[in-house]
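Quick notes on the structure that follows.
Values quoted throughout were computed directly from the atomic coordinates according to the rules given, and no laboratory measurement underlies them. Keep in mind it's a predicted model, so treat the numbers as computed, not measured. Note that each Cβ is placed from the backbone with ideal geometry, even for glycine, and that neighbours are counted across all protein chains shown.
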Amino acid sequence: MYYPMGTNQVWHLSNLVPYDSSSLQFMDLTSLPFAGLYPEGDLVFTKNDSYYVISRTLEYLAIIGAVLPIDSTSFISIINTPPELIYIYPYTMGSFVESQPQSFTKFLYNDTISGYFVDSLALDIRAAIKHEVVAWGSLKLPYANFQVLKTLSNKTETITMLAHILESWIKTDSSSSIYNSIEFQMNNLLYPLVTVELDTNNQPTSLSWVKVDPYLVTNNLDDRFFSFFTNPAQNFVRFKTDRNISNIKIISLDGKIVKSVEVIPFQQIYIDLIDLPASFYTFIRYDGKMMIRTGKLVKYP
């Protein structure tokens, strides 16, 4: 069921049961305490208790970093330089994307290893990643059908642990892993709907899937002309674009939607901010079910 390639394929996964799935949640980066570390970031998604920071431009979609929580008050921040490319626009049948993200992340340790005092540890992570779109068609899931792209993905990753001993970085451990997978993805959505992990013989070993609104799509080109002012704002803000606006959602720093305004689609909309306290906010603009743009907004007293 996973292997047909080419155009206009149909993949039947309608027999999956609910406990196989998880809901896909995205958060605006500005609502999180580590936002200042990723000035180029736009959105964040969570996976396996870690946060992944997304950068979305007119040219590409990429993971620019990850945040690994240690406890309720501390975390390790990883910054990919260069970023891990998810796809380059336009991402269509035949697209081929390669990237080689790497990061060098230091964190305090203050303990001994093999009798030597270590004040810091570091993770040196290097990867080689390839995505190739080999088919498109319809994916049938238990709750809806989706038009998707089928992508073959390959990732080779080497993680090296280093300890700072006597003013030098000493390698303490290193491991390499190869990950092969098949991904079924809505065009230009931020995360695969279904991921099938493969072994070294390209046989499936596990399958995971996420549940999203079947009517949600994201646009691969932002507005050519877009403005919103005043910003900072006091009583109102005006959004103006060369595309239609049907809905604006304003989100507080704790991730809550504090205002949602729906209108007959038009190229200009005024939103009253008088009832909102002075703070930093983000907004998401929609044209119908299509999420067009996110941005940052400041309300002052």
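Points to keep in mind about this one:
- Placing +1 on the Cβ of every Lys and Arg and -1 on the Cβ of every Asp and Glu, with nothing else charged, gives region 226-299 a dipole about its Cα centre of roughly 180 debye.
- Relative contact order of region 8-136, defined on C-alpha pairs under 8 angstrom at six or more residues apart (%): 16
- Computed FRET value (nearest 0.05) for Ser175 with Leu16, which takes r as the C-beta separation and R₀ as 30 Å: 0.40
- Signed unit charges on C-beta, dipole axis of the chain, positive-most listed residue Ile64, Val44, Gln9: Gln9
- Over 24 Å (Cα to Cα) - which of Lys47/Lys155; Lys211/Lys296; Lys106/Lys171; Lys140/Lys259; Lys47/Lys256; Lys259/Lys296 fall in this group: Lys211/Lys296; Lys140/Lys259
- Relative pair counts by distance (%), Cα atoms of region 6-212, 5 Å bins: 1, 6, 13, 16, 18, 16, 12, 8, 5, 3, 2, 1, 0
- Normalised contact order of the chain, rounded percent, pairs of Cα under 8 Å and 6 or more residues apart: 13
- Integer Hz, Karplus 6.51/-1.76/1.60 couplings in order for region 52-57, x for Gly and Pro: 10, 9, 9, 10, 10, 10
- Burial ranking of peptide ranges 75-88, 170-183 (average Cβ count within 10 Å, highest at the top): 75-88, 170-183
- FRET efficiency estimate (nearest 0.05) - Cβ-Cβ, Arg238 to Asp199, R0 45 angstrom: 0.25
- Computed from phi, the 3J(HN,Hα) profile of region 257-270 under the Karplus parametrisation 6.51, -1.76, 1.60 (θ = phi - 60°) reads 6, 9, 7, 9, 10, 10, 9, 4, x, 8, 8, 8, 8, 9 Hz, with x in place of Gly and Pro.
- Under Karplus coefficients 6.51, -1.76 and 1.60, residue-wise ³J(HN,Hα) of region 90-99 in Hz, glycine/proline x: x, 9, 9, 3, x, 5, 9, 10, 10, 8
- Residue among Ser99, Ala128, Ser181 farthest towards the positive dipole end of region 92-197, charges placed on Cβ: Ser181
- Electrostatic tally near Pro232: other residues with Cβ closer than 12 Å to its Cβ, Lys and Arg +1, Asp and Glu -1, net +2.
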